[in-house]
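Below is one structure, written out as structure tokens; comments come after it.
No lab work stands behind these numbers, since they all come straight from the coordinates. Just so it is clear, the model here is predicted, and its values are computed rather than measured. Cβ coordinates were reconstructed from backbone atoms using ideal geometry, including for glycine residues, and neighbour counts include every protein chain displayed.
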Amino acid sequence: MFGYRVPAPDEAMLISGGRRGLGGAPFLVVTGHGKFVLPVFRKTRFLTLSMCEAEVTETCVTRQGISLHVRAVIAFKVGNDTESIINAGQRFLSDQDQMSVLTGRIFAGHLRSIIGSMTVEEIVTERQKLAAEVLDTSKIEMAKIGLIVDSLQIQSIDDGDTGYIEAMSAPHKAAIQRQAQIAQAQATQASVEAEQVAARNQAEYARQTAIVRAEYSAEVDRAQAQAAQAGPLAQAHAQQEVLAAQTELAQRAAKLRQQQLVAEIVKPAEAEAERIRVLAIADAERMKIQAAAAASYDRVALDRMLIDQLPLIVKEAAGGLAGANVNVLNGADGLGEIAAGLVAQGLTILDSVRQNLSGQNSDGSPEKAQAPLELGSSSRTPEKYTDEGEREDGPGDSR
């Protein structure tokens, strides 16, 4: 639209000829938007707000009196606030390139001042501290002209031909060279060790390869040998099995023949022996029974004979008393006693005769030889009585 002006994003539009700006400024500041400007009655100018660069190369003297050539680069721009734009517009609007020249001069002066208060060692080792101090001392002056510094970089410090910085760096260079040599030696050692490890690994791999090849070769040889021996081994196994079968057959035949011999010879012989033994036992039992029966029959016959002779024996014993002079003192009782004695004597004689005939005592032991028994005799000498009625003692009576 005719008369409507819009500044670029990195520009500030300054409108003069109308209402005054902030703080009595001779122009109105417009940033970030457009504005209608009456032609002929208003005049419009643009101030850059982009980044600018200033380079400083200055020879400075340190606190030790050593000259140093310092090269620095300053990055600056116009401030974004209205006051900074007004200050910069009033100073640099007609020649904006002067901002870099003036900024370089301002920083050169502050750089000489600060380096003069420091030693070479501090300047070399503490460049960031040098830059910070330069920025702090120049901040107020830069604000007065509407500029702000974004950064200050010390690019180089050189002492020319004096050799101070080089001498100062000699110990460090030596240490660095020593460290470099050590590092190089360590690298060489590591390289040698790596080569040795690689050689060992290669040798180990070759050894393992040779072992594997030998094992494969041995396995192939074994397989071939086994294949070559398979036929004879199979034949030998077959013959061995045939021999084992024949041996087992022979053992079975021998066992069968043994069983046949037992059935044909041993068993009949044992049966015959058992029959003979049973017959012998039976015959012995028969003879024993016959002998027992015969003995029993003889005893019965003997007892019967003795019983038949007992009255005769008693009679003969009584006959022995017929001529004796016997006086009976106690009458009938005395006669009874005499009769009883005769009967007892007869029984004793009968038992003695039976034992003599049988050849054994009553307890089964052989009977000893005895004198023949005379009938009519007594085992006790009979008592003799006188005519006067008195008893005459026998030869064995002490009374």
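Would you kindly derive the ³J(HN,Hα) couplings of the range 122-132 from the backbone phi angles with the Karplus curve 6.51 cos²θ - 1.76 cosθ + 1.60 (θ = phi - 60°), listing them in order in whole Hz, with x for Gly and Pro?
So the J values, rounded to whole Hz, are 5, 5, 6, 8, 10, 5, 5, 5, 4, 5, 5.
Lys and Arg at +1, Asp and Glu at -1: add these up for the other residues within a Cβ distance under 14 Å of Ser138 and post the number.
Net charge in that neighbourhood comes out at -1.
Going 7 Å from the Cα of His69 in the Cα-to-Cβ direction, what parts of the range 147-161 have a backbone nitrogen less than 20 Å from that spot?
Correct set: 153-161.
Subtract the Cα-Cα distance of Arg275 and Ser117 from 0.36 nm times their separation in residues, and report this length gain in nm to one decimal. Intermediate results must be reported in sequence, preceding the final value.
Working: separation 158, 0.36 × 158 = 56.88 nm, distance 15.32 nm.
Extra length available between Arg275 and Ser117 comes to 41.6 nm.
Write out the chymotrypsin sites (Phe, Trp or Tyr not before Pro) in the range 1-110 meeting two conditions: DSSP loop, and at most 10 other Cβ atoms within 10 Å of their Cβ. Write out the running numbers ahead of the final one.
On the way: sites: Phe2, Tyr4, Phe27, Phe36, Phe41, Phe46, Phe76, Phe92, Phe107; in loops: Phe2, Phe41.
Passing both the DSSP loop test and the Cβ count: Phe2, Phe41.
Using +1 on the beta carbon of Lys and Arg, -1 on that of Asp and Glu, and nothing else charged, what's the dipole of the range 70-113 about the Cα centre, debye to 20? Mind showing how you got there, number by number?
Numbers: 5 positive and 4 negative charges, 61 e Å.
Approximately 300 debye in magnitude.
I'd like the distance between the alpha-carbon centres of the range 67-112 and the range 266-286, rounded to an integer number of Å.
Between the Cα centres of the range 67-112 and the range 266-286 lies a distance of 157 Å.
Could you give the size of the charge dipole of the range 1-123 about its Cα centre, using +1 on the Cβ of each K and R and -1 on the Cβ of each D and E, expressed in debye and rounded to the nearest 20?
Details: 13 positive and 11 negative charges, 146 e Å.
Computed about the Cα centre, the dipole is about 700 debye.
Excluding Thr57 itself, calculate the net charge of residues whose Cβ lies under 15 Å from the Cβ of Thr57, where each Lys or Arg counts +1 and each Asp or Glu counts -1.
Working: positive: Arg71, Arg105, Arg112; negative: Glu53, Glu55, Glu58, Asp158, Asp159.
Neighbourhood net charge equals -2.
So what's the net charge close to Arg275: Lys and Arg +1, Asp and Glu -1, counting the other residues with Cβ under 14 Å from its Cβ? List each step's numbers first, then the result.
Values: positive: Lys267, Arg277; negative: Glu270, Glu272, Glu274, Asp283.
Neighbourhood net charge equals -2.
Consider just the alpha-carbon atoms of the range 119-204 and return their Rg together with their Dmax, both in angstrom.
Here Rg and the maximum Cα pair distance are 24.3, 80 Å.
If you take the charge dipole of the range 126-166 about its Cα centre, with +1 on Lys and Arg Cβ and -1 on Asp and Glu Cβ, which of Ser138, Ser156, Gln128 is farthest toward its positive end?
Most positive-ward Cα: Ser138.
Taking each pair of different alpha-carbon atoms in the range 23-67 once, compute 1/r for the pair, average those values, and report the inverse of that mean as the Kirkwood hydrodynamic radius in Å to one decimal. Present the calculation step by step, with values, prior to reporting the outcome.
Numbers: mean 1/r = 0.0629 Å⁻¹.
It works out to 15.9 Å.
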